[in-house]
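The values are calculated or read from the model by the stated rules, or taken from the named source; none is laboratory data. Keep in mind that what you see is a predicted model, and the values were worked out from it rather than measured. Cβ: placed from backbone, ideal geometry, glycine included. Neighbour counts: every protein chain shown.
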Amino acid sequence: RAMATSLLRVAPPEKLLRPLAVPERLLLGPGPSNVPPRVRAAGARQLLGHMHPEVLQVMDEIKAGIQYAFQTRNRLTLATSGSGHSAMEAALLNLLEQGDSVLVAINGIWGQRAAEIARRLGAKVYELLKPPGKYFTPRDIEQGLVQHKPLVLFITHGESSTGVLQPLEGLGELCHRHGCLLLVDAVASLGGAPIFMDQQEIDVLYSGSQKVLNAPPGSAPISFSERARAPGSDTGPTAPSCARGCLTWGWSSLWRRRWVQGKPTTTTTTEQGQREDTALCNWRCAWAALDARERTLPSVMLSPGTVLGSAGAVALKKARLPTITTVRVPQGYDWKDITAFLMDKHGMEIAGGLGPTVGKVLRIGLMGCNSTSGNVERVLGALRDALQRCHRSRL
Ligand code: PMP
């Protein structure tokens, strides 16, 4: 033992001897959002083995929960092990092969990110561009479909970098008329803005756990239509035209065993892991509250007379994303001073811009259990305080 100790060259980290201390914070940024007590309690429960029947039952319940939240009857409906990015990557990876064409609607960072992933997969990427703050009309989309004849269209429902809500009505039908699959990112919008996967003919839809669902990050719901899978196959999602070999095993074959055939897999505890067990239980609890979401609070924040007044960064009211409100950085202020002040003095997180909106906007999230009039008052009060006490340039 003495010899083993003498071989150690790296000292044990003293900080880890102390239990974790986590400050109380109100998370009103674009995610993560606060986790309500019932969900936290589910996360604190003892871990079960991946072969235990209770785990399979929990997975069935999660699947039913996702089907409800997405409004779909798709059999291939599951939760990936990872944050929203894992579902984004898994969706593109399962739909596209080298040389396939994909049309990506870009009006913020998430379209840019999808285009980047698709390029890395060797797909032919066509970009359909709109300035940040604007959404795509069916006419814009149809022009792109006619011009590029893509196999897949990617579009973001809730553009969290700009605060835009993309209308989805008619897009599924349009895509199908042009022989294209519709892939929708609803990471920032699911549960805060209506979405109806089957009725809207969406082929692949995904979201994330740490936004409106109020669970910790690390799990992302995703669902594939029958159209997005090889006909008659349950080997995982594949594009309709050919029997494709998906690039990864974990994001395709493993799904079939686990979520379609209901077989426990030895990788469950490593890949799905303790965090998944908790996150997935969490979701089961969070779903019940989705119907009753408050949708009018963002407009209260921006109403005349409040400190934010008419600072809304998305001009068209109906284009505003209810879950994340973008407001222009008040003139003369540095956005970093404001976010730091709210954090230091009010224990509250809001965020600056992202991608094309960096330096231009503040982003305030009202997601799930955080979407209350009390929190709106708190953030408006904290912002009033910040504008009085942060440095303002008069130039
Ligand atoms: N898509 C959108 C629209 C998002 O808002 C986010 C997260 N902000 C993501 C994808 C990526 O999700 P995550 O950060 O959970 O990986």
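Filter the range 95-122 down to the residues that are within 13 Å of Asp185 (Cβ to Cβ) and assigned to a loop (DSSP other than H, G, I, E, B), then identify the one that is farthest from the ligand (Cβ to nearest atom).
The residue in question is Asn107.
Conditions tested, residue by residue: (1) in a loop (DSSP other than H, G, I, E, B); (2) touching a helix residue (DSSP H, G or I) at 6+ places or on another chain (Cβ under 9 Å).
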{"residue": "Ala315", "(1), (2)": "yes, no"}
{"residue": "Tyr333", "(1), (2)": "yes, yes"}
{"residue": "Leu362", "(1), (2)": "no, yes"}
{"residue": "Val376", "(1), (2)": "no, yes"}
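Okay, residues lined up against (1) outside the structural domain of Leu213 (by the TED database); (2) modelled with pLDDT of 95 or more; (3) among the aliphatic types (A, V, I, L, M); (4) within 16 Å of the ligand (Cβ to nearest atom):
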site	(1), (2), (3), (4)
Ala292	yes, no, yes, no
Arg295	yes, no, no, no
Val300	yes, no, yes, no
Gly359	yes, yes, no, no
Asn375	yes, yes, no, no
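Is there any pair linking a residue in the range 85-97 that is over 12 Å from Leu183 (Cα atoms) to one that is within 9 Å of the ligand (Cβ to nearest atom), with Cβ under 7 Å and at least six apart or on different chains, and which?
Ser86/Ala220
Test Val55 against the criterion of being modelled with pLDDT under 90, crowded, with 18+ Cβ neighbours inside 10 Å and not basic (Lys, Arg), and give yes or no.
Judged against the criteria, Val55 is a match.
In the list Val35, Val58, which residue meets the criterion of being away from the ligand (no atom under 16 Å from the Cβ), touching a helix residue (DSSP H, G or I) at 6+ places or on another chain (Cβ under 8 Å), of a type in the set (Val, Ile, Thr) and under 24 Å from Leu213 (Cα atoms)?
Within the list Val35, Val58, the selection yields Val58.
Residues being within 16 Å of the ligand (Cβ to nearest atom) and either closer than 23 Å to Ile350 by Cβ or surrounded by fewer than 24 Cβ atoms within 10 Å (Cβ to Cβ) (or both): count how many of those fall in the range 169-197.
Here the count works out to 10.
What number of residues within the range 145-168 satisfy the criterion of being assigned to a loop (DSSP other than H, G, I, E, B), surrounded by fewer than 24 Cβ atoms within 10 Å (Cβ to Cβ) and more than 16 Å from the ligand (Cβ to nearest atom)?
Qualifying residue count for the region: 2.
If a residue has to be among the small types (Gly, Ala, Ser), at pLDDT 90 or above and touching a helix residue (DSSP H, G or I) at 6+ places or on another chain (Cβ under 7 Å) to count, how many in the range 70-107 make the cut?
Result for the range 70-107: 2.
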